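Worksheet for the structure shown next.
FYI, it's all coordinate maths here, none of it is from the lab. Remember, predicted model here, so these are calculated numbers, not experimental data. Positions of Cβ are generated from backbone atoms using ideal geometry, with glycine treated the same way; all protein chains shown enter the neighbour counts.
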2 protein chains.
Amino acid sequence: MGGKRGRGSGGSLPTVDMISARLGVSKSTVSRALKGHRSISEKTRAAVMAIARELGYQPNAIARGLVTRRSGIIGFVIAETENPFFEEQLEKLTKHVSRREMQVLLLQVATNGDLADVIPSMLQYRLDGCIILASVPVSKEAVATCTRYGVPVVLLNRTMPETKASSVLCNSFAGSQRIAEFLIAGGHSRIAFIAGRQNSIIAHDREAGFRAGLAAAGREIYAREEGGFTFAGGYQATKRLLSLTPRPDAIFASSDIMALAALDAIREAGLRVPDDISVIGFDGIRASAWPAYRLTTIAQPADILFERSIDLLTARIEDPNRPPEAIYVHGNMLIRGSARIPPGYELLAEHLDRPSSAENATAQKPPDDPMKHDAGERRA
Amino acid sequence: MGGKRGRGSGGSLPTVDMISARLGVSKSTVSRALKGHRSISEKTRAAVMAIARELGYQPNAIARGLVTRRSGIIGFVIAETENPFFEEQLEKLTKHVSRREMQVLLLQVATNGDLADVIPSMLQYRLDGCIILASVPVSKEAVATCTRYGVPVVLLNRTMPETKASSVLCNSFAGSQRIAEFLIAGGHSRIAFIAGRQNSIIAHDREAGFRAGLAAAGREIYAREEGGFTFAGGYQATKRLLSLTPRPDAIFASSDIMALAALDAIREAGLRVPDDISVIGFDGIRASAWPAYRLTTIAQPADILFERSIDLLTARIEDPNRPPEAIYVHGNMLIRGSARIPPGYELLAEHLDRPSSAENATAQKPPDDPMKHDAGERRA
DNA sequence: GAATTTTATGCAATCGGTTGCGTAACGGGT
DNA sequence: ACCCGTTACGCAACCGATTGCATAAAATTC
């Protein structure tokens, strides 16, 4: 009680000044003691710490940020669009960031907007950097503006060679290629593709990788529909695919959310999975593991993606002139029941599910999890 | 461009000082002009604005926060636990907050932790307030600490009468009561309940409301299992319920994620929904609308919950001595195919789905949405 | 014991805004 | 011409830390 004009009814928090007054030393000594500067004697250091603890001192990050020119906050830019995968993994982002003693500020750009819309916020709060989801509309100019004003940018699942932004990506091309191989090995002859939102790099890569994988075996896409990375889009796309004659016997939906919709559409058409038709997705969202779907997919290793992003960001904060880089990490194929399992893969399945090189993105599961038998289950 | 020691390679941002120097007026004049203080002549005001625009001036929120003692940031405290409903609605929170020209800082507390763990961050960044999800472990002391230090707290879906925290809740009691009535009207005779995490207020309310609803008709719960608000928990709980003889003919799973698991477990047991057994959930997560589930549920009006939360917070920021209050809003019953529809409700269905009193939480749907025919569909 | 190095601390400026108070200039009334 | 009330703006303190430089005290060297 009794800070002269504290925050309303609340008590005002203790400051360095109070500690220094209480101890009869200077502000600077307190400041240095608090952060373990070695030019401070162990004795006064201990005394300062004691009083700080007693008073419940919390350094004012705002004031510190003003002089250090580091806010300690990084921005996480999301799109208005639903993006189940990263929504689900938000928790991991926060975990990694707080491990570095930093904070996450959430910024959102509208579907018909641009990264530029949130730049004022980024600049006003002097963010130390930002991580931008692939679903966010981003112009080169906007990214350039960020870096020009000293806000390092890391793009998730997207690159922008003309800018100074770094990138961390789950290798969509390689993953999709792998899916193509898997489907071919499974003996499928009419392999269809459901594309994502156009002019999205990730959509492009997944399509290109898939086509490349097919081409390597002298094959090509039997049919192609657009699904816009949404459930409804995937549903409609599948309806259209199912109306073809002959009907496709496999569908690669380039995102899990579309793949789940595909499974629903297939089921409604009275067809069986994977007997009549195989479905594979990409992302590894939680729902893909649910018994109703048991979707074979490639899981993006969210933990790694975030960790690398923050690595890149902090490195860039330390050394602003560090050249941008792009890190690719591989996804983990989760072989479940939605696609016919090629001979030989039954054994690999278990292994593929948990590669030793990287933590599994969907690792921690409760013991009695209905989704525990991830491989080999052929009934959908 | 030579700010003397800008942020690394980046140009340093213009300041009030630069503007004032450029125009030959004082800092104070610039500051006042920028925020439309009326003691500034229209002429200089325009001149200041012009230069500010030309220089691309962005006020330093950090510096401002130092003196105004308002950071302009509110904390959004989430739990480590997966919480599909609020994850999905994050976008709405951000939208409402940015509409008030504020920012959202994401804070996370571990499952075995407490709100107290993030209080240092809240205090260091001098958050103007915080919104706390129901899934976050919170002690009374922690909440008291927040309010004592001038950080107003709004609890979502939970109350804490002993503290000065305000609350915004979707009326779990009333909703569950309504579900009980619905199931009874549907002619069910063995009505089972899947409970949430114990010592969670929301779990308690949903159970109490449900029991009250049954009791009003002289009925009671036929069986009860715990599902811990998780998919796996709901799945196991359902297995146990299905092993009873006679088997329940209706299940109210007190969260959607458990209800979806219930539907999966039921399907795997070879039973049909709703012919053999009806299932109802609570929350209104996106997946509840998917064709594989078509879950009848009560949707929490996220938009309203967030809006009221922010209202409460800003009111409290304006007047710190404002007494705490609790706002209850009703959920919207979404009648879909997972539960037998009682006679009379077919007509009501459409109406119940979109009450005029409140915006529908799951309103905006793409035109060709497979989930558009929300009512009347009896096949699961 | 004097000179020199090392160690521990203080002074004061600084970050970039905001704001209470003081005052010059101006216009109008008589 | 004098008084007075506005109007428009400047001065300087302040918010709460950090930090370069100066300096007093202690330790070391010769």
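Sequentially through segment A:113-127, phi angles give Karplus couplings (6.51, -1.76, 1.60; θ = phi - 60°) of x, 8, 3, 3, 4, 9, 4, x, 4, 4, 6, 4, 8, 6, 4 Hz, Gly and Pro residues having no value and appearing as x. Under 5 Å between amide hydrogens, built in the peptide plane, is the criterion, and for residue A:103 it picks out A:73, A:74 among residues at least 5 positions away or on other chains.
The antiparallel fraction among DSSP beta bridges confined to chain A stands at about 10%. Placing pseudo-labels 7 Å out from each Cα toward the beta carbon at residue A:216 and residue A:315 gives an inter-label distance of 2.7 nm. Once the chain from residue A:50 to residue A:35 is taken as fully extended at 0.36 nm per residue, the excess over their C-alpha distance is 4.0 nm. In order along segment B:276-286, phi translates into HN-Hα couplings of 7, 7, 9, 10, 10, x, 7, 1, x, 6, 4 Hz, rounded to whole numbers, per the Karplus curve 6.51 cos²θ - 1.76 cosθ + 1.60 with θ = phi - 60° and x for Gly and Pro. Place a +1 charge on the Cβ of each Lys and Arg in segment A:68-196 and a -1 charge on the Cβ of each Asp and Glu, then give the dipole magnitude about the Cα centre in debye, rounded to the nearest 20. Dipole magnitude for segment A:68-196 comes out near 480 debye.
For residue B:240 and residue B:275, the difference between the fully extended length at 0.36 nm per residue and the C-alpha to C-alpha distance is 10.6 nm. In the protein assembly as shown, helices alone account for a calculated mean residue ellipticity at 222 nm of -12000 deg cm²/dmol, with every DSSP H run of four or more residues adding -39,500 (n - 2.57).
Can you list the residues of segment B:83-104 with backbone N under 20 Å from a point 7 Å past the Cα of residue B:325, pointing along Cα to Cβ? Flagged as within label range: B:97, B:100.
Between the amide H of residue B:279 and those of B:251, B:339, B:340, distances stay under 5 Å, these residues lying 5 or more places away or on another chain, with hydrogens modeled in the peptide plane. Shape class for segment A:97-173: rounded, because the ratio a/c of the largest to smallest gyration tensor axis (alpha-carbon atoms, square roots of eigenvalues) is under 1.5. Each Cα pair under 8 Å and six or more residues apart adds its separation to the average, and for chain A the resulting relative contact order is 13 percent. Dipole of the protein assembly as shown computed with +1 at Lys/Arg Cβ and -1 at Asp/Glu Cβ about the Cα centre; of A:129, A:173, B:295, farthest Cα towards the positive end is A:129. Once backbone amide H atoms are built at 1.01 Å from N, residue B:229 has B:197 as its partners under 5 Å, excluding neighbours fewer than 5 places away on the same chain. Neighbouring Cβ atoms from other chains, within 10 Å of the Cβ of residues in B:60-69, number 6 on average.
Label-point spacing for residue A:245 across the identical copies (point 7 Å from Cα in the Cβ direction), in nm and ascending order: 5.0. Estimated at 0.36 nm per residue, the fully extended path between residue A:110 and residue A:22 surpasses their Cα-Cα distance by 26.6 nm.
Reducing segment A:268-340 and segment A:36-108 to their Cα centroids gives an inter-centroid distance of 29 Å. Listed from fewest to most Cβ neighbours within 10 Å, the set A:330, A:96, A:188, A:37 follows the order A:37, A:330, A:96, A:188. Judged by the ratio a/c of the largest to the smallest principal axis of the C-alpha gyration tensor, chain B counts as prolate, that ratio being 1.5 or greater while a/b is larger than b/c. Applying both filters, DSSP loop and at most 11 other Cβ atoms within 10 Å, to the GluC sites (Glu not before Pro) of segment A:84-151 gives A:101.
Based on the alpha-carbon gyration tensor of segment B:162-247 and its eigenvalue square roots a ≥ b ≥ c, which shape applies: rounded if a/c is under 1.5, prolate if not and a/b is larger than b/c, or oblate? Since a/c reaches 1.5 but b/c is at least a/b, the shape of segment B:162-247 is classed as oblate. In chain A the longest region clear of trypsin sites (Lys or Arg not before Pro) that are loop-assigned by DSSP and have at most 12 other C-beta atoms within 10 Å covers A:39-271. Based on alpha carbons, the Rg and Dmax found for segment B:21-126 are 19.6, 60 Å.
Taking 29 Å as the limit for the C-alpha separation, the pairs B:95/B:164; A:140/B:92; A:43/A:92; A:140/B:95; A:239/B:92 exceed it in the case of A:43/A:92; A:239/B:92.
Taking the centroid of alpha carbons for each part, segment B:177-235 and segment A:196-263 are 41 Å apart. Peptide B:141-154 has a mean of 2 when you count, residue by residue, the C-beta atoms of other protein chains within 10 Å of its C-beta. Neighbour counts of C-beta atoms inside 10 Å place B:214, B:334 in the sequence B:214, B:334, starting with the fewest. Approximating the spin labels as points 7 Å out from Cα along Cα→Cβ, the residue A:144-to-residue A:42 distance works out to 5.7 nm.
Here is the list for segment B:181-274: GluC sites (Glu not before Pro) lying in DSSP coil, each with at most 15 other C-beta atoms within 10 angstrom of its C-beta, are B:220. The residue list B:104, B:149, A:84 was ranked by how far each Cα lies along the charge dipole of the protein assembly as shown toward its positive end, using unit charges on Cβ atoms, and B:149 comes out on top. Shown in residue order for segment A:245-254 are the 3J(HN,Hα) couplings computed by the Karplus curve 6.51 cos²θ - 1.76 cosθ + 1.60 at θ = phi - 60°: 10, x, 5, x, 10, 7, 9, 9, 9, 6 Hz (x for Gly and Pro).
Rounded to the nearest 20, the Cβ-based charge dipole of the protein assembly as shown about its Cα centre (Lys and Arg +1, Asp and Glu -1) stands at 3020 debye. Placing unit charges on the Cβ atoms only, positive for Lys and Arg and negative for Asp and Glu, gives chain A a dipole magnitude near 1620 debye about its Cα centre. Mean sequence separation of contacting Cα pairs (under 8 Å, at least six apart), scaled by the length of segment B:83-142, corresponds to a relative contact order of 34 percent.
For the residues of B:286-299, the average number of beta carbons from a partner chain within 10 Å of their own beta carbon is 4.
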